[in-house]
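Notes to accompany the following structure.
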There are 2 protein chains.
Amino acid sequence: MAALEFLLQHTDTNSGARAAKILTDHGEILTPIFMPVGTVASVKAVTQQQLLNDVKAQIILGNTYHLFLRPGMDVMQAAGGLHKFMGWDKPILTDSGGYQVFSLSSKRKLTEEGALFQNHINGSKHLFSPEAVIHIQRKIGADIIMAFDECPPGGSLYDYANTSMELTHRWLDRCIAHFETTTDLYGYTQNLFPIVQGGTHHDLRKLSCEYIASKDAAGNAIGGLSVGEPIEKLYEICALCCENLPVNKPRYLMGVGTPWNIIEAIALGVDMFDCVMPTRNGRNGMLFTTKGVININNKKWENDFSPIDDGIDCELSNYYSKAYLRHLIVAKEILGLQIASVHNLAFYLDIVTKAREHITAGDFLSWKNEMVIIWQQRL
Amino acid sequence: MAALEFLLQHTDTNSGARAAKILTDHGEILTPIFMPVGTVASVKAVTQQQLLNDVKAQIILGNTYHLFLRPGMDVMQAAGGLHKFMGWDKPILTDSGGYQVFSLSSKRKLTEEGALFQNHINGSKHLFSPEAVIHIQRKIGADIIMAFDECPPGGSLYDYANTSMELTHRWLDRCIAHFETTTDLYGYTQNLFPIVQGGTHHDLRKLSCEYIASKDAAGNAIGGLSVGEPIEKLYEICALCCENLPVNKPRYLMGVGTPWNIIEAIALGVDMFDCVMPTRNGRNGMLFTTKGVININNKKWENDFSPIDDGIDCELSNYYSKAYLRHLIVAKEILGLQIASVHNLAFYLDIVTKAREHITAGDFLSWKNEMVIIWQQRL
């Protein structure tokens, strides 16, 4: 089985946007792409059948921290990896768990060795080190696995960001060493992506990009953004990273964002995205649609029997009315969470698919400038 | 449009079981049939697409009490009735709301006029009378609507059960009078089913059956069972009611029960069933399968990668493993509620479908006697 391939198909002449094809042992991914987040071996409230047929997901993301705790690695390995465990035969990417150790665990201590933490479910203690998270991700068996990094808070000062970045780089070397001395467990090839850090400091980001690029990995990720910095800063750093990361490798912007954030980052040269926003906000009744943003809890939708969104090709979005979905969300019916989650994810997949079409057609920039205004409207 | 028709197709020679076809303006129902409960315009955690394709539901039930409170009758009428509101084009049955007034409302007062209550959501006060619940059910627009009855607690003494039954009979007359002086709102025919009461007292039940039968309604229901009485008493009273209700009308046993309860009641001559058990118990991890009962929370399923149930024709039951479903339920993932609910409902629909086949084939009784043992096994 072969390592991941990145085939650049079209580069926009008016922006940094590109259309490409990523080949993995679990099939191809057409980029730009959005990856639904399947935290604990489930994209919340969505069946794998709906992911395939309604959302039209091409790749999903799993969280190493959550999977390590539940179902745990014994079950994961007995199942033959995450694909088989959850019944998802297309590509999967796992994060390294670092972000969750810092955001979720009740206690954690950071050392050169790694991060010692007490988990948020039953308080048991664990060490996540570069070697440990590679070991765990081998057992999970995602097609793309991530290096262990430290993600400093938004607005970190230069010295902290610098120290943190250097630690991330040393951890990267240990990740690569461990990755290269271990093998795939399930007969298909895993690919390790390193992560650029450096906070909001240009020279650190540039240094980090150069360091990461020198590893010649199958793809590269931009971490440490969407963590509290102003949105202009996010675009500025994202642009800088895209300029300093290899052209012939996929670029993955981690944890971003709204539909308009995504489309702007595509214009800067990003190929891959993930975010919990479509599912999390969907569960709270916030819907992203082709006509703008809807808070379905508002009384104005009570008697609106038009489809949730007839502008995308998703059976649930076309079939159920705004009034019905509002009723379900207000009455706290589980079905409301399902429909809202499927719709929002289908919308996210629709926008990256359309972005790809417009990149190929050559009118991406004007389309993007029109869409970011429409999508942000509050209906 | 025409009133409901009941076409008896096969009567078992060894038991009271029958196979029939019910024709409604929203299509036909093959009996015996189980009706999934769609409390607040949603069968909990199940999409209408899953109800059709996976569960293979032919008719679902809505709860008048819940629908009256949410979304309320203004929205319901603006939508054009419950079928259009929720996107369900097959038959629907609504209960009268009486049972929920007594089990859910925080305060209620029973008089000859009806039941005055404070609802359990925001405490607003309402009167449910025979006229009011017919009026509400006209607005909901179910194909089959139920008379307003009082359901005495299990084990009620003779005098209480008698007084209650007589009130139910007087309320029935008022329901029929109001039903006959009002019309269908949405261009298809609604049918009113009266309800037999009388507690566990043979002569009262017989009296009630005769009274109910004298109304010559399109179908008849047996109420006031599965409310705390011993299971032998339930079968005994159910048998008595089946013997004393018309042969040429559907018989509906309300709120029953386990798969083995249902199959035993089919043997006594019941045609229609509803119960929250498959969805409610499913959400707690109790699965009914063709091989027996599973508590999916048990550690014994942690590494069982076999399908949830390969004995029924349901994509989700065949696709997902016991280990995966256990993980989802233990991790409190919404997807676990969905899969368990769809599976249990599909199993309930499977058993009534197979019962029908065995009634037609003439070997229903021996099949039933074999199945009730298998289905009750704790796996």
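The values are calculated or read from the model by the stated rules, or taken from the named source; none is laboratory data. Treat the numbers as computed from the prediction; the structure is a model and nothing was measured. So basically every Cβ, Gly included, is an ideal-geometry build from the backbone, and we count neighbours across all protein chains shown. These accessible areas exclude ligands, DNA and RNA; they are computed on the full protein's heavy atoms, side chains included. Shrake-Rupley method; radii C 1.70, N 1.55, O 1.52, S 1.80 Å.
Of all the numbered requirements in (1) farther than 20 Å from B:V75 by Cα; (2) open to solvent by 20 Å² or more (accessible area, probe 1.4 Å); (3) more than 12 Å from chain B (Cβ to nearest Cβ), A:W375 misses one, and that requirement is (2). Evaluation of A:F102 against the conditions (1) closer than 24 Å to A:T279 by Cβ; (2) hydrophobic (A, V, I, L, M, F, W, C); (3) within 14 Å of another protein chain (Cβ to nearest Cβ) shows that the sole unmet condition is (3).
Here A:A331 does not qualify as open to solvent by less than 20 Å² (accessible area, probe 1.4 Å), under 22 Å from the mean Cα position of the chain (by Cα) and of a type in the set (A, V, I, L, M). Scanning segment B:3-15 turns up at least one residue that is aliphatic (A, V, I, L, M), surrounded by fewer than 20 Cβ atoms within 10 Å (Cβ to Cβ) and outside any strand (DSSP E or B). Would you pick out the residues in segment A:104-121 that are in a loop (DSSP other than H, G, I, E, B), open to solvent by 50 Å² or more (accessible area, probe 1.4 Å) and either on the phi > 0 side of the Ramachandran plot or free of Cβ contacts under 8 Å to residues at least 12 places away in the same chain (or both)? Of everything in segment A:104-121, just one residue is in a loop (DSSP other than H, G, I, E, B), open to solvent by 50 Å² or more (accessible area, probe 1.4 Å) and either on the phi > 0 side of the Ramachandran plot or free of Cβ contacts under 8 Å to residues at least 12 places away in the same chain (or both), namely A:T111.
Looking only at segment A:313-344, filter to residues that are touching a Lys or Arg at 6+ places or on another chain (Cβ under 8 Å) and aliphatic (A, V, I, L, M); which one of those is farthest from the other protein chains (Cβ to nearest Cβ)? Selected residue: A:A340. Based on this model, can you work out whether A:L316 counts as open to solvent by less than 30 Å² (accessible area, probe 1.4 Å), free of Cβ contacts under 8 Å to residues at least 24 places away in the same chain and touching a helix residue (DSSP H, G or I) at 6+ places or on another chain (Cβ under 6 Å)? Answer is no for this residue. Filtering segment A:21-51 to residues that are away from chain B (no Cβ under 14 Å) and surrounded by 22 or more Cβ atoms within 10 Å (Cβ to Cβ) leaves A:I22, A:T24, A:I29, A:T31, A:P32, A:I33, A:F34, A:M35. Give the residue that is farthest from the chain's Cα centre (by Cα), with candidates limited to residues of segment A:203-239 that are small (G, A, S), closer than 18 Å to A:P153 by Cα and surrounded by fewer than 24 Cβ atoms within 10 Å (Cβ to Cβ). Within segment A:203-239, the match that is farthest from the chain's Cα centre (by Cα) is A:G228.
Residues are listed down the side, and each one gets a yes or a no for (1) open to solvent by less than 20 Å² (accessible area, probe 1.4 Å); (2) within 14 Å of chain B (Cβ to nearest Cβ); (3) at pLDDT below 95:
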site: A:I92; (1), (2), (3): yes, no, no
site: A:S96; (1), (2), (3): yes, no, yes
site: A:H135; (1), (2), (3): no, no, no
site: A:D143; (1), (2), (3): yes, no, no
site: A:M146; (1), (2), (3): yes, no, no
site: A:S156; (1), (2), (3): yes, no, yes
site: A:N162; (1), (2), (3): no, no, no
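Of the residues in segment A:59-80, at least one is open to solvent by less than 10 Å² (accessible area, probe 1.4 Å), outside any loop (DSSP other than H, G, I, E, B), of a type in the set (V, I, T) and within 14 Å of chain B (Cβ to nearest Cβ).
Take the conditions buried (at least 24 other Cβ atoms within 10 Å of the Cβ) and more than 11 Å from chain B (Cβ to nearest Cβ) and apply them to A:G362. Does it pass? For A:G362, the condition - buried (at least 24 other Cβ atoms within 10 Å of the Cβ) and more than 11 Å from chain B (Cβ to nearest Cβ) - is not met. Please determine whether any residue of segment A:191-202 is open to solvent by 60 Å² or more (accessible area, probe 1.4 Å) and free of Cβ contacts under 8 Å to residues at least 40 places away in the same chain. So far as segment A:191-202 goes, yes, one or more of its residues are open to solvent by 60 Å² or more (accessible area, probe 1.4 Å) and free of Cβ contacts under 8 Å to residues at least 40 places away in the same chain. Screening B:I294 on (1) assigned to a strand (DSSP E or B); (2) more than 25 Å from A:G72 (Cβ to Cβ) shows it passes everything except condition (2).
Each row is one residue, and each column tells you yes or no for (1) open to solvent by 10 Å² or more (accessible area, probe 1.4 Å); (2) in a helix (DSSP H, G or I).
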site	(1), (2)
B:K249	yes, no
B:Y252	no, no
B:V256	no, no
B:I262	no, yes
B:F273	no, no
B:P278	no, yes
B:G311	yes, no
B:Y324	no, yes
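Applying a threshold of 6 Å to beta carbon distances and a minimum spacing of six or more residues, or different chains, the list of pairs starting in segment A:338-351 at a residue that is basic (K, R) and ending at one that is open to solvent by 10 Å² or more (accessible area, probe 1.4 Å) is empty. Within segment B:280-299, the set of residues being out of contact with any strand residue (DSSP E or B) (no Cβ under 7 Å at 6 or more places or on another chain) and surrounded by 23 or more Cβ atoms within 10 Å (Cβ to Cβ) comprises B:G282, B:F288, B:T289.
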